1. May I ask you to compute the full-extension gain from Asp830 to Phe545, defined as 0.36 nm times their residue separation minus their alpha-carbon distance, rounded to one decimal in nm?
2. Could you give the length gained by full extension between Glu325 and Arg400, i.e. 0.36 nm per residue of separation minus their alpha carbon distance, to one decimal place?
3. Which residues in the range 17-54 place their backbone N less than 20 Å from a point set 7 Å from the Cα of Glu64 along the Cα-to-Cβ direction?
4. Report the relative contact order of the range 397-495, percent, no decimals, based on alpha-carbon pairs under 8 angstrom and at least 6 residues apart.
5. Taking the alpha carbon gyration tensor of the range 397-495, what are the square roots of 5 times its eigenvalues, largest first, to the nearest whole Å?
6. Give me the percent relative contact order of the chain, please, defined on Cα pairs under 8 angstrom at least 6 residues apart.
7. What is the spin-label model distance, in nm, from Asn785 to Arg23 if the labels are put 7 Å beyond Cα along the C-beta direction?
8. Can you tell me the order of 969-980, 183-194, 449-460, 829-840 when each peptide is scored by its average per-residue count of other Cβ atoms within 10 angstrom, highest first?
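Please treat every number below as a calculation from the coordinates, not as lab data. Computed from a predicted structure; not experimentally measured. For neighbour counting, all protein chains shown are included, and Cβ atoms are generated from backbone atoms with ideal geometry for every residue, glycine included.
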Amino acid sequence: MLFLVAHACPNCGGTISDERLSRGLPCSRCLPKPQEGDLCELLRQEGRLRRLAPYCEVAEKLEEFARFFQKALGFSPSSLQETWIKRILFRESFAIVAPTGTGKTTFGLIAALYFPGRVLILVPTRLLVQQIGERLEELARKIGVSKKILAYLGKKKDKEAFSSRDFDILVCTTAFFYKHLAELQELDFEFVFIDDVDSFLKRSAHVDRLFALLGFSEREIKLALKTNKTERDFEKLEAIRKRHAGRKILLVSSATLKPRTSRVMLFRFLLGFDIQRAVSNLRNIVDAYTEGSTELRKLSEKAASLARVLGPGGLVFVSQVYGREAVEEVVSYLREEGFRVLSYLELSPEELMAEMEKGEFDLAVGLAHLSNPLVRGIDLPYVLRYAIFLGVPKHLIPTRVNLLPRSLYSLLVNIISLLEEEERLTALSDIQYLRRYLTLPEEALPRYPRLVERLERIKAFLESKFSDPAFLEKLRRAEDVFLVQEGDELFLVAGDTATYIQASGRVSRLTVFGLLKGLAVVLVDDRRAFVSLERRLRFHLGDDFSFKPLEELDLESLARELTEVRKIGRKKGELKDLMRTALVVVESPHKAKTIASFFGKPSVRKVGEAFVYEIPTENKLLMVSASLGHVFNLSRRRGFFGVFEENGRFIPLFDSIKICRPTGEQLVDPEEVEIRCPEGPVFDKRELLESLRRLAYEIQEVYIGSDPDAEGEKIAYDLLVELRPFNATISRLEFHEVTPRAFREALSNPVDFNLNRVKAQLTRRVIDRWVGFVLSRRLWRAFGNRRLSAGRVQSPVLGWVIARAEEAKQKKGRVSFVLFGEHFTLDLEDIPLARKIAQELENLEWEIAAREEAEKNPLPPYTTDTVLEDASAKLGFSTKDTMNLLQELFESGLITYHRTDSTRISEVGRYQVAKPYIAKHFGEEFFYPRAWGEGGAHEGIRPTRPRDAEEVRYMLASGLLTLSDPKRALSLYDLIFRRFMASQMRPALVEVSRLRFRVPSYEWEEEVITRILREGFEKMFPTFRVVELKEEDRPEEISFKLVPKVELYTEGTLVQEMKRRGLGRPSTYAEIVTTLIQRRYVKVLPGGRLYPTKLGREVYSYLRKHFPEQVDEELTRKVERAMDLIEEGKLDYQEVLREAYEIRRFLEEGDEGVPEEELPHYRSETIS
């Protein structure tokens, strides 16, 4: 047993050991003797089944439902269907997120037959009413249940049955539902199933009436639809959602792709799930191209020849620059050639879909534009096999500027990379502002005068750029966007990535049998537009994306493969369990969203206090949620500051973290909450943990992906013990960058939980608590101020700041001057001499004493301490701000893990990130790979992809990425990117000149670089300047001043000192500096220097006098060495705690936290 957790027993909510939890057991009071057998039954026999009762009930009903399912279909539910069953048995409303072929409708019908209460099934057409009615009757017969099923078609007997309420299940159209809402509301339906939500959402009134049927009042519906909600509104909505939870169940068989109504908010706020469909971006497509023609006829001929080889099931997309008339021309030609062709111009979208579902066609022709019905929303995996693009999909954007937000937005996004630095920052801000108004029509603008004011400014800026000959020339030379002239008008041209991805995505769909392969061929009619398209697609599909020349493909073999992979999906019968359900828990919602977004646009649901991003992958339905950082903290009011001693062993007691919402203060014990946050509200992480337990129970596999360090390991272990009673399959994911490649690799190769690392972190946490709390309480007593604190690392670091301030009182002379454009300084402790030299500098003589060649090497990649130092020195960022920015860059997938003291660079970093970028921008001869260290799990801080700050800015402008503070985040990313790239570039060969300076009273030498003989890393991250020596140059800007012999620390140099002297660790450097500033022990002077305050000096003096050992840095170094040994399994952590326990002697009677309480019922938690 490592520790106890209060309020964590899954059955009674009492205190329980991590050992019992990790075995999936309740506490010893609920189950005194662990034994084999069904836990629910064992607890019943003991008469102690309490909080686990709902789970036991669901488990029993699950078996019953599975038998029901088996009778109906002849086979057992799949893993996916089992997850859905658990949800509805918990009486949760939800939209099914799953690929084609997973039996969503069938599941809904079996669920309708299972529920004892009255059921309503809504479908769009009378034909579907009839078909579903017949299917229900058939399933009921097979199962052997007697249900009165009314498939309402308007016949006399239907009307009689409805008016007499003689039915258990009512199947009707949405139109019938709308007309008869008053009567339906009286029927108290337990379960409502909507089989086609797209058609249902077409009328807002349908949605309002549905929520009235589900029991929500008009006032509650209005509140959910309110646009500018306050914090109080959200609290009310949360209370409403919890009050209605489980009363009635709404099941939606497939969510909508693009809801066109604000009523989606009703599903989100009142039922806790997102009605918008998860859109997978997974693709298994052979992307090919061949040189075409600018003549439509020749493009059509090429398409026909391809279709003859590839066979039926093809889509043909005509570039929008050719227009609708071209579609008619292409359709006519293809029909003349004997193909069965469907045209989007000849059928309504519904009719077109119905015809395509039959599969009795060769080609369907549409326009390559996002709004075209063939481009998005079609999911026919077993019918569609390939797509042919007649011309490159591209945007043609007029440069004649108007005030429409979407027009201004489009122009800014496409030219942002060509603007000057300051213009780019303004443009990025404008782009993010305009994104909110993209759908605003021109006629609505007068209602928003402030918006119009900003639009006018943006318009004026764009007009100035498009009338600037130098900028137009820049545009003409650009790679990914360029100018064309048609008549009197100039147009911007850029590859249309969204249309290409959506249109080609129709031929590679995710099914229950996996991701089907497809082919997409671009017939190139514009080479520059094609280059633009390929370049932009790399931002969306990964840096390794490229089109293959069509001539290199064996088309006949590929055509056979595309046919064979689709045959399996046409077979009816049992679904093989190819798709598992999995929960991934990480620390932050940002990281959770980033991971889910690797696979597309996830749907969102809320389970209790947990937000869950849900998205299908190739073989898993992935649910990603967040723990919001640490979930436990040590008790402050039990034992010796949260630790009990029993039989010579130390047993920490943890409880869930509780946050007082009005103040943001973190509390632990219930008594603390009563005292410090009596009015509330309080967010208790226990509620979040209970929600994660629910999620863990409903799925097959749990993966915990907290950060890859000791702190992250403790979070992971805490989550393991919390979730283990609800799921036996829990694994640890460790990834050092938040990228699709790293995440997939981690998911394929989960690792064991590292208990030694947990023990080391536990030991550090306990020692920090003991030292910090004991010393702090003595400070409170001595100074009468409960805001004061002391700590194992904080206190010695305060001592350094004070010592440095004393040293800085001693002065030296500094002579400075400018010569050859270079700044020179000469520091001398002999102040009179220094003053005299300054007076003589006008008569300075100099000569070249020596010249030699030298290799200059780049700096290593950043570690936590060096990036904190440079961000402070070069960017003026505080350590706290830098760590927050680094965290966001890491969670956004832009940099590797940032809490590291390693400079090592992996092969991926060297050859997949550095090499492509350096070879492209400087030439392969500049690439000089360096590992910067051997072995170890951590790397230095580096970018995860070969994308510089300019490309990241384009991603921000395009909406592919969001950052809370783009300007500062980009400047920090640029620093990291350039230093890393430089670290992988060849050394610079330079000429070094040693200059001898002479004045009457002194002579000294300086080295300067006077020539670059071979360029190298300095092209990316210069660490030196080249000086041009000129005989006639004389010293300028001569000055003399007294300066401190030793400079005061900055935040950055203080972190460097901590690293050098072995105090703190990458995850705590910034926290320690920030604490000293927040406690007002240290103040930040203009220029960023740190100076001790009077309070800081008094506190340190008191601590140094009364607790010399505890504030000595040797204690901290000793603890850090012990942590390493514990982590390596070479030292018993209990020994370290036993030695640290000696600090108890410094407590005085009356100090808070004393006396220690006994352990009346905790002793039995150790499993014998």
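1. Using 0.36 nm per residue and subtracting the Cα-Cα distance, I get 96.1 nm.
2. Value of the extension gain: 24.5 nm.
3. Residues passing the 20 Å test: 38-45, 49-54.
4. About 36 percent, as a whole number.
5. Details: eigenvalues 107, 46, 27 Å².
Here the semi-axes work out to 23, 15, 12 Å.
6. On the way: 2093 pairs, mean separation 121.1, N = 1168.
Once normalised by length, the contact order is 10 percent.
7. Each label point lies 7 Å from its Cα, and together they span 5.1 nm.
8. My ranking of the peptides, most packed first, is 969-980, 183-194, 829-840, 449-460.
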